[in-house]
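S.K.: Take this structure first; my questions come after.
What follows draws every value from the coordinates through simple rules; no lab data is involved. Owing to the predicted nature of the structure, the values given are computational and were not obtained by experimental measurement. Ideal geometry is used to build each Cβ from the backbone, glycine not excepted, and the neighbour counts take in all protein chains shown.
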Amino acid sequence: MTVPLVLVTGFLGAGKTTLINRLLARRAARDATGKLGVVVNELGAVGIDAALLGGETARQIELPGGCVCCVLGDDLDAALLGLVAQNPSLEAIVLETSGVAEPLPIAWAIAREPVAQKVRLAAVVTLIDATHFLASRPVSASVDAQVAYADVLLVTKAELTDNSDAERAESVARGLAPRALLRRGSADDHAAWLEALLADPEQPGGALPLAQQVPQLFGQVRPHVHDESCQHLDSPAAHGIDSVWLAVEHAVDVEELADQLAELPPNYVRIKGIVRAEAGADAPWVAVHRVGPRVSSEAIAPASPEQARIVALGPGVAVADLARCVAVAAHS
């Protein structure tokens, strides 16, 4: 018997990690039986999503609610096969891609041997940020690819924009993926739906599953050989998206940091970080996010000093800009 895998994709900042966090919280709250595997495929020299999912940066992490988190490196085959082999009670896998990953190559990797003996692709679920989807399309070709190959489209953050803007984003998405199921809702709504899908992954919404299309779409695919000239599909160079990161060694004024990050130019497509707040703050550890021009922050569980860092993604981003923002926030 093969383990069903749901591929969760969407451009930078669409809400993938938030969705999976809500899913894990739901499972933990009801002490879910069975085991769910969560695989995180991150872009950048230093990943941060695994920390935001509530665990350390070990290769596999036990999470509440019978979940296992695996931080995906270059070898997808080994990651998935190892996850299944080490967790015989695994009932399903959620694979969160990086924000610039295209679904088709990942689907091909799952559909070929030896992974196909143990894992099957059940559905491709693409998140669409209603506030930023249309502006993101010129930034990377992966935006349209993520939508075009989706079985299900989950529209996020519609409450943060006008209904007409959300409808325009949905109209464009429907044009790219006319057979996909489209749902608009909150992160909690989508998490409840994803939990139901994982309980019965055979019918994601009426679209022809991408898994059935992979052989026709790819045709004769030559084996991938790793060498010094190799550009991975999730590498910054492959998508015109640069990635820089900065360790944050000192506590910061979180509001000042948010203000500084908001002032960075629009080529900073996505910023996410974990920082220690100054003494007296409401929460000692905070996650900060910037998606497009919008900056937000949220309290998180206590982290280790090694996890305090900020990652920026976008064409031409520079670590010096991050350092300047942090320096101001640390001395305000």
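S.K.: Determine the distance separating the Cα centre of the range 78-104 from the Cα centre of the range 290-332; give it in Å without decimals.
M.R.: 28
S.K.: Can you tally the net charge around residue 297? Count Lys and Arg as +1, Asp and Glu as -1, for every other residue whose Cβ sits under 14 Å from the Cβ of residue 297.
M.R.: Net of charged neighbours comes to -3.
S.K.: Picking from 176, 201, 150, whose Cα lies most toward the positive end of the charge dipole for the range 147-202 (charges on Cβ: Lys, Arg +1; Asp, Glu -1)?
M.R.: 176
S.K.: Next question, about the same structure. Output the peptides 275-288, 310-323, 145-158 sorted from most to least packed, where packing is the average of other Cβ atoms within 10 Å over each peptide's residues.
M.R.: Top to bottom by mean Cβ count within 10 Å: 145-158, 310-323, 275-288.
S.K.: Moving on. Just to check I understand the Karplus step: with θ = phi - 60° and J = 6.51 cos²θ - 1.76 cosθ + 1.60, what whole-Hz values come out for the range 102-112, glycine and proline as x?
M.R.: Each residue's phi maps through the Karplus curve to give 9, x, 4, x, 5, 4, 5, 4, 6, 7, 9 Hz.
S.K.: Follow-up question, since we're still on this one. Count charges around residue 161 for me, please; just the other residues with Cβ under 12 Å from its Cβ, Lys/Arg as +1, Asp/Glu as -1.
M.R.: -2
S.K.: How would you order 90-101, 244-255 from highest to lowest mean count of nearby Cβ atoms within 10 Å?
M.R.: 90-101, 244-255
S.K.: Around residue 280, with a cut-off of 15 angstrom between Cβ atoms, what is the net charge of the other residues, counting Lys and Arg +1 and Asp and Glu -1?
M.R.: Net of charged neighbours comes to -4.
S.K.: May I ask you to give the average projected area over all directions of the convex hull of the Cα atoms of the range 241-330, in nm² rounded to one decimal?
M.R.: Value for the range 241-330: 5.0 nm².
S.K.: Tell me which lysines have Cα within less than 24 Å of residue 118's Cα, excluding those fewer than 8 residues away on the same chain?
M.R.: Within the straight-line cut-off, residue 118 pairs with 35.
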